[in-house]
Structure formats: C-alpha cells, structure tokens
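Have a look at the structure below before the remarks.
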Amino acid sequence: MSQSAHTRRDVLKILSVAPLVASRGLSAEQSVAPAVLPPKKTRLCLVSRHLQWTNMEEAVAVAAEAGCKAISWTVRLGAHILPENVERDLPRAVDLAHKAGLDTPMLITALNEGKSARAEAVLATMRGVGIRYYRAAPFRYDYSSDLAQQIEALKPRIGSLVRLNEKYGTTAMYHTHSAYGNIGGGVWDLWLAVKDFDPEFVGRLPRDDVVLQVGRFRRTCGAVPGVLRHCSRRRGTSEHAGDRLR
C-alpha cells in the first residue's frame with residue numbers, strides 16, 4: 001500500500017477547516033486566506049550620467065562596488081547610449097547590469113513628445129529588455145509670452161507621447177527640475193499639463209523620487225566612498241571626483 005504524502009499535521013489542518021468549508025460550500029484551497037505580500041522596497045538608482053567618464057563595464061563595476069542596487073542608463077546625446085545606437089547598446093548595458101546584480105528599472109532620455117528623435121526605437125527597445133519607465137526631458141518657458149497659454153499648448157505634445165506609451169506599454173515621467181526656465185520646477189505647472197492624461201502612461205518624477213542625485217547621495221548612502229575611490233583613481237583626488245559628480 002502506498003504511503004500518503006500528507007503528514008499528521010497536514011491532516012489536522014485540513015480537518016480543522018472542514019466544518020467551515022462545508023458550511024460555506026468552499027473547497028479547502030479556497031478557504032485559505034491569500035498570503036499578504038510584503039511591500040516592495042524602494043530602489044535607489046545611480047544615474048549613469050554621473051559616471052560618464054567610464055565605459056559601460058566600468059560604470060556597472062563602480063555602481064556595484066558603491067553598494068547601489070540599481071542603475072538608470074541614460075539614452076541621449078553624449079551619454080553611454082546614443083539614441084542612434086539604442087537597439088545595439090541598451091540590451092548590452094542591461095545585460096551587464098543584471099550580471100552584476102543591479103536592477104535597471106528606468107531610463108533617462110531626451111524624449112518629451114511623440115516626434116522626439118528616435119522615440120519609437122527607444123521605447124520599443126526598452127520594453128524589449130523589460131524596462132517600462134523613463135524620465136522625459138523637461139519643457140522650458142518663454143518668459144516673454146503668456147505662461148498659462150504655454151502650459152495649455154504642451155498638452156497636444158504630451159498627448160502625442162502618451163499615444164506612443166500606450167502602443168509600447170511604457171510610462172513617461174517628466175522631471176520636476178527647478179533649473180531656470182524649466183516647466184515643472186514649481187510642480188503645480190507640470191501637474192496642470194499632465195493631469196488629464198492616464199497616469200499609467202505619463203506622470204511626474206519628483207526630484208527626490210526614484211532617481212538619486214549624487215548631491216543627496218552623499219548625505220543618504222554610506223556607499224559613496226566606493227564611487228569616490230573609483231573617481232580618484234582617474235581624477236587624482238576624491239575632492240576633484242566629488243566636484244565632477246555634482
């Protein structure tokens with residue numbers, strides 16, 4: 001006679017719920033409450049532009065040694081990944097990061113509307129390597145013209161990018177950067193521009209959310225010496241390296 005796969009403890013558990021199952025007409029499997037999943041931990045991403053003095057392999061090594069858990073690759077002119085090479089270089093960059101144990105949850109891009117250069121190539125490639133989110137480039141004010149009208153005029157441009165995001169399953173995040181002339185520095189103005197669109201495809205990226213700027217990195221992450229050690233080997237001193245990363 002074959003032995004049962006159930007232990008005595010398993011049988012007692014099943015019997016203990018049997019009256020409740022019978023009274024409700026449920027199976028034993030249905031009667032078990034679903035497990036509560038723990039909340040996802042926040043991932044601090046080192047933006048690759050702060051490591052622009054490296055190649056992709058070195059950038060991954062620096063980020064890993066510094067104790068970062070993720071890297072946000074930059075796809076734009078002058079970055080590790082040029083838009084014209086995104087189909088070739090982004091999969092390689094993501095593979096290098098994953099082999100080093102780093103997540104790649106988002107990109108930094110120059111995209112801000114549907115007709116941005118190589119927009120579809122960037123979105124298709126990032127989705128192909130499992131990345132949904134990307135930082136969109138900011139719009140800028142013309143202070144000689146009516147500001148409210150400028151915000152209103154942004155909506156069709158944002159809408160054209162939203163349509164591409166719907167096509168590729170991606171999400172644009174406009175950065176709330178406070179640099180002079182940037183729309184979004186006050187947050188409320190960018191909200192007026194994006195509030196009527198589906199947040200599944202477009203939203204705002206607060207400066208202290210998701211992307212970790214190195215100035216704040218120094219104050220919040222004890223792994224910074226790892227970055228500075230790598231910098232100092234190439235730049236002479238840690239002080240110089242710190243200035244380079246600002």
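Side notes on the structure shown:
- Computed lengthening from Ala100 to Arg157, 0.36 nm per intervening residue step minus Cα-Cα distance: 16.7 nm
- Virtual spin-label span in nm between Glu58 and His177, 7 Å along Cα→Cβ: 2.4
- Packing rank of 67-75, 89-97, where each peptide gets the mean count of other beta carbons within 10 Å, highest leading: 67-75, 89-97
- Taking a point 7 Å from the Cα of Arg43 along the Cα-to-Cβ direction, the residues of region 73-109 with backbone N closer than 17 Å to it are 73-75, 90-109.
- Subtracting the Cα-Cα distance of Ala124 and Glu84 from their residue separation scaled by 0.36 nm leaves 13.1 nm.
- Length gained on full extension, Arg92 to Lys167, computed as 0.36 nm times the residue gap minus the Cα-Cα distance: 24.6 nm.
- Estimated vicinal HN-Hα couplings, Hz - region 138-143 in sequence order (Karplus 6.51, -1.76, 1.60; Gly, Pro = x): x, 8, 10, 7, 9, 6
- Here the relative contact order of region 49-195, from alpha carbon pairs under 8 Å that lie six or more residues apart, stands at 20 percent.
- Whole-Å semi-axes of the ellipsoid equivalent to region 82-194 (Cα gyration tensor, √5λ, descending): 29, 15, 12
Readers should treat all values here as calculations from the given coordinates under stated rules, not as data from a laboratory. Remember, it's a predicted structure, so these values are computed and weren't measured experimentally. We place every Cβ from the backbone using ideal geometry, glycine too, and count neighbours over all the protein chains shown.
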